[in-house]
Amino acid sequence: MEKNFVGVIGCCIVYWIVLLTLSMVYVIQIRVGKLTCGSGHAITAVAPLCVIVFAALLFYVPSMAYAVIVTASEINQNAEGIKASNVSETPKLAPVDVIRGCFELGDVLSVELSLRVLKCD
């Protein structure tokens, strides 16, 4: 079910990009002249727009498909690892030294506040 949902979202994004491009073409036709009338200025404006959007889609679609597939496989592997371990531990607080190392030297106030929170617990 989730794989179909991701595919639908991907198709909707591409569809949205195409509709946005068409809306820009319509604005160009309003401002410069109709394409059907053979306006040279409109053709000069619309042709590069369509070429650039098509080239961007050629780059965008495969790269996003790869990113979604890799992320989904990582999520599945993590979910299988969690199911296999059956460990229901609650996360513990980090030691004070680790918290100190996470902040830069200029963040003294942040370190002091975090140390006070740990001391109160």
So for the pair residue 58, residue 39, with labels modelled 7 Å out along Cα→Cβ, what separation do we get in nm?
-> 2.8
Separation of the stretch 1-43 and the stretch 45-77 by C-alpha centroid, Å?
-> 16
Which FRET efficiency, nearest 0.05, do residue 73 and residue 16 yield, Cβ-Cβ r, R0 30 Å?
-> 0.70
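Throughout, read-outs are computed from the coordinates displayed, never taken from laboratory work. Not measured: the values here are computed from a predicted model. Here the Cβ is made from the backbone with ideal geometry for all residues, glycine too, and neighbour counts use every protein chain on show.
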